[in-house]
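Read the structure below first, then the notes.
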Amino acid sequence: MKKRVIIAAALMMLALSGCKPSAEKLSEAEGYVNQLKEYQNAAEEKYLDIADTSLRPELDALGVQAAAVYEEDFSKLSNKKIDEKIPEVLLLLGQYEDIQKRLDGTYQEETSANEELAKNQQIDAYIINKCGFDISSIILRDVTTDTYSDNLIGEGEILADGYTLMGVKLEVYADSSQWEFIVKDSNETQRVFACDSLKDASSEGVSLVFNYDAASDSGTVSFGGYFSN
């Protein structure tokens, strides 16, 4: 009888020892869990640095899976059970690596776009029409970048000869060096007006005087102070 008790106790101890992981296996599992926390924190921090919110649902879904891993008490699992759980953690690590790359890419794109936007200076201006004809359209062309503004007068509007248009905003790109104005009269005749460098325009504002010489069929734009004529 005593022998049976000893054998039963030994079997119970063996069974209990089989439910606990080895120190090495537990350390391995905890290492992956800590790595998962680092990856998750890095992704969440990077997400806060970008304006694009399209990856929020995917981050939330990964967060739910990560939370389930954190709730697992690996110290109560056998080596076999831990071996079954580790691939799940590794899969999550790979998914976080993938989303981190996309977050980094979005961050770089937004940073570059913001840097380019910072190069654009918005200058307050008003336009004085001294051409001798009514103007239906004025478009600023950045010759350097070959880009065009909207109609500064406004679609369907007319700037009559001798009149002034207030409240104009000029977008000036810092890396550009040459500009011109494309002007249409009320008969839709188009002319190109040369102008000085807009880099020389005051950031406090500028007046733009449009002049036209009928003899040479050429137009020019001269700059002045914001409140000058």
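The values are calculated or read from the model by the stated rules, or taken from the named source; none is laboratory data. Because the structure is predicted, anything quoted here is derived from the model rather than measured. Glycine gets a Cβ as well: all are built from the backbone with ideal geometry, and neighbour counts include every protein chain shown. We work out accessible area using only protein heavy atoms, side chains counted, and drop any ligands, DNA or RNA first. Shrake-Rupley method; radii C 1.70, N 1.55, O 1.52, S 1.80 Å.
Which residue pairs have Cβ atoms under 8 Å apart, sit 6 or more places apart or on different chains, and have a first residue in the range 193-208 that is over 24 Å from Asp161 (Cβ atoms) and a second that is modelled with pLDDT under 80 and surrounded by fewer than 19 Cβ atoms within 10 Å (Cβ to Cβ)?
Ser202/Gly225; Ser202/Tyr226; Glu204/Tyr226
Out of all the residues in the range 200-229, which are under 34 Å from the mean Cα position of the chain (by Cα), part of a loop (DSSP other than H, G, I, E, B) and of a type in the set (D, E, K, R)?
Glu204
Can you pull out the strands (runs of 3 or more DSSP E) entirely within the range 114-199 that have at least 2 residues that are open to solvent by 60 Å² or more (accessible area, probe 1.4 Å)?
Here the list reads 120-130, 164-173, 190-195.
Six or more apart or on different chains, Cβ under 8 Å: which pairs go from a residue in the range 98-124 that's under 12 Å from Asp52 (Cβ atoms) and touching a residue at least 60 places away in the same chain (Cβ under 8 Å) to one that's exposed (fewer than 15 other Cβ atoms within 10 Å of the Cβ) and small (Gly, Ala, Ser)? Could you list them?
Hits for this filter: Glu110/Ala51.
Within the range 62-102, track down each residue that is open to solvent by less than 60 Å² (accessible area, probe 1.4 Å), farther than 11 Å from Gln40 by Cβ and of a type outside the set (Ser, Thr, Tyr).
Residues satisfying the conditions are Ala68, Phe74, Leu77, Asn79, Ile82, Ile86, Val89, Gly94.
What about Leu90, is it assigned to a helix (DSSP H, G or I), over 30 Å from Asp175 (Cβ atoms), hydrophobic (A, V, I, L, M, F, W, C) and at pLDDT 95 or above?
Yes; evaluated as a whole, the condition is true for this residue.
How about the range 200-220: which of its residues are touching an Asp or Glu at 6+ places or on another chain (Cβ under 8 Å) and open to solvent by less than 60 Å² (accessible area, probe 1.4 Å)?
Gly205, Val206, Gly219
Would you pick out the residues in the range 1-50 that are at pLDDT 95 or above, loosely packed, with under 14 Cβ neighbours inside 10 Å and either of a type in the set (A, V, I, L, M, F, W, C) or in contact with a Gly (Cβ under 7 Å, 6 or more places away or on another chain) (or both)?
Within the range 1-50, Leu48 is the sole residue that qualifies.
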